[in-house]
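**Q** Take a look at this one; I'll ask things after.
Bear in mind these aren't lab numbers, they're just calculated from the coordinates by the rules spelled out. Here the structure is a predicted model, which means the values were calculated and not measured. Positions of Cβ are backbone-derived with ideal geometry, glycine not excepted, and every protein chain shown enters the neighbour counts.
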Amino acid sequence: MQTEIITPRLTLRRARPGDLDALHALASDWEVVKQTATWPWPPDRAFTATRSTPIPPEDGMGGPVFSGDALVGMIGVAMKEGKTELGYMFAQPYWGRGYATEIGRALIAHAWATYDWPAIEACVFDDNRGSARVLEKLGFTETGPCTGACAARGAVLPTRTFRLPRP
């Protein structure tokens with residue numbers, strides 16, 4: 001199975017235990033983590049360690065995203081509980097640079113070429129307009145409102161649900 005996806009500016013590779021420090025720094029930014037479903041607040045190094053191991057190749061592809069040697073974010077697409085889901089988070093200094101869209105396109109192309117999934121889904125909290133815009137640029141269509149838990153905020157919040165069918 002492919003272990004790296006390379007675009008003109010970025011490299012996505014499967015997570016490694018040695019990524020723990022850089023990923024924990026990313027997960028220590030409230031503005032980043034409050035837009036995720038599962039990352040806790042305050043930051044929990046033990047939880048981050050669980051994300052510093054690779055997704056089993058049969059389940060999907062994802063991990064840290066680098067620009068040169070700098071970790072700029074994390075993205076993945078994987079089968080979970082019968083649904084294929086895309087998730088990502090990027091460090092604030094890299095917001096608005098098109099990184100999520102660039103690596104997202106490459107990851108989705110890899111997913112279609114590698115897996116027989118009928119669709120990929122994603123959810124964003126209502127107050128995360130930037131992430132919704134990334135999904136729209138990736139070709140996702142909004143399917144409706146929903147609610148979703150946010151571990152960092154300790155609440156169930158309104159979300160927007162998106163879907164990308166296999167081309």
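**Q** Note down the magnitude of the dipole of the range 4-118 about its Cα centre, charges +1 on Lys and Arg C-beta and -1 on Asp and Glu C-beta and zero elsewhere, to the nearest 20 debye.
**A** Magnitude of the dipole: close to 140 debye.
**Q** When a/c is below 1.5 the answer is rounded, else prolate if a/b is larger than b/c, else oblate, so apply that to the range 1-98 with a ≥ b ≥ c taken from the square roots of the Cα gyration tensor eigenvalues.
**A** Since a/c stays below 1.5, the shape of the range 1-98 is classed as rounded.
**Q** Find the relative contact order for the chain and round it to a whole percent, using C-alpha pairs within less than 8 Å whose residues are 6+ positions apart.
**A** Dividing the mean separation by the residue count of the chain yields 23 percent.
**Q** Please list, in order along the range 150-167, the HN-Hα scalar couplings obtained from phi with the Karplus expression 6.51 cos²θ - 1.76 cosθ + 1.60 (θ = phi - 60°), rounded to whole Hz, x for Gly and Pro.
**A** Taking θ as phi minus 60°, the curve returns 10, 4, 5, 8, x, 8, 9, 10, x, 10, 10, 9, 10, 9, 10, x, 4, x Hz for the range 150-167.
**Q** Return the long-range amide H neighbours of Q35 (sequence gap of 5 or more, or a different chain), with a cut-off of under 5 Å between placed amide H atoms.
**A** none
**Q** Among A106, P42, L23, whose Cα sits farthest toward the positive end of the charge dipole of the range 4-118 (+1 at Cβ of Lys/Arg, -1 at Cβ of Asp/Glu, about the Cα centre)?
**A** So the residue furthest toward the plus end is A106.
**Q** Right, next: On the first, second and third principal axes, largest extent first, how far apart are the outermost C-alpha atoms of the chain in Å?
**A** In descending order, the Cα extents are 38, 36, 31 Å.
**Q** What does the convex hull of the Cα atoms come to per residue for the range 66-159, in Å³?
**A** Taking only Cα atoms, the range 66-159 has a hull volume of 121 Å³ per residue.
**Q** Under a 5 Å amide H to amide H cut-off, with H placed in plane at 1.01 Å, what residues pair with T159 once short-range neighbours are removed?
**A** Here the answer is D126, C146, T147, G148, since their amide H atoms fall under 5 Å of that of T159.
**Q** So what are the ³J(HN,Hα) numbers for the range 127-134, from phi and the Karplus equation (6.51, -1.76, 1.60; θ = phi - 60°), rounded to whole Hz, Gly and Pro as x?
**A** Each residue's phi maps through the Karplus curve to give 8, 10, 4, x, 5, 4, 5, 4 Hz.
**Q** Another question about this same structure. With the cut-off at 11 Å, report for the range 127-167 the share of all Cα pairs above it, as a whole percent.
**A** 67
**Q** Per-residue HN-Hα couplings for the range 25-40, Karplus 6.51 cos²θ - 1.76 cosθ + 1.60 at θ = phi - 60°, whole Hz, x for Gly and Pro?
**A** Residue by residue, the range 25-40 yields 4, 4, 6, 9, 9, 3, 4, 7, 5, 5, 9, 10, 7, 10, 6, x Hz.
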